[in-house]
Amino acid sequence: SNMQQITKRLETMVQRQQSSSFLPLPTPEFVLIHTFSHLLIKQLCFDSGYGATSIKERIYVDSDNNKCGVLIYTADADSEGSFGGLARMCNEKKLSHSIKNMIQTAEWCSADPTCLNIGSPGTRGLNKSACHACSLISETSCSHMNALLDRGLLVGAKEDGVVGFLENYL
């Protein structure tokens, strides 16, 4: 099943994370929503022209109740973030357009096939398919040190037999 393939894909992350008390357990839900957050931040910055280093994220995962969420916000009180470019992206049409573009962009990375198949280990080797070209954001923006990311869970990783969560939207 796909969940078994996803679990197998994340085994290395789980083993390496066990020595890291500062990171949550890399469940498929957490890695999925964390990667989604990074990709969306990159897309929103591209679409709005807002600087990525001023954006922060918060990840929420409640696996027991099958709920996940992400809060993307700006820590700066300038007009570009609160009244301008980034705030305008909350419009339903603009946000759905950005998410659609994010999914299409995530399908391919300039470092593929290496990025998707081998990955970029990042902090303590806790990433699967994530690199600076596709998924990594500023360290100050990420709530989990750019760790526990895998673009393959969103768009699929055929070599590992993983069907991406958003693959049907491509």
message: Cβ contacts < 6 Å: first residue more than 16 Å from Leu32 (Cα to Cα), restricted to the stretch 60-85; second residue open to solvent by less than 50 Å² (accessible area, probe 1.4 Å) and at pLDDT 80 or above, any location; separation 6+ or different chain. Result?
response: Thr74/Ser54; Thr74/Ile55; Asp76/Ser54; Glu80/Tyr50; Gly81/Thr74; Gly85/Ser48; Gly85/Tyr50
message: For the stretch 15-33: of the residues being surrounded by 14 or more Cβ atoms within 10 Å (Cβ to Cβ), more than 17 Å from the chain's Cα centre (by Cα) and not hydroxyl-bearing (Ser, Thr, Tyr), which is modelled with the lowest pLDDT?
response: Gln17
task: Find all pairs meeting these conditions: Cβ atoms under 7 angstrom apart; at least six residues apart or on different chains; first residue within the stretch 147-170 and without any contact (Cβ under 8 Å) to a residue 24 or more places away in the chain; second residue among the acidic types (Asp, Glu).
output: Gly156/Glu167
- request: Hey, could you check the stretch 56-110 for residues that are modelled with pLDDT of 85 or more and among the hydroxyl-bearing types (Ser, Thr, Tyr) and say which is farthest from Asn146 (Cα to Cα)?
  value: Ser96
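The values are calculated or read from the model by the stated rules, or taken from the named source; none is laboratory data. Computed from a predicted model, the values in this text were never measured in an experiment. We place every Cβ from the backbone using ideal geometry, glycine too, and count neighbours over all the protein chains shown. The accessibility values were calculated without ligands, DNA or RNA, using every heavy atom of the protein model including side chains. Shrake-Rupley method; radii C 1.70, N 1.55, O 1.52, S 1.80 Å.
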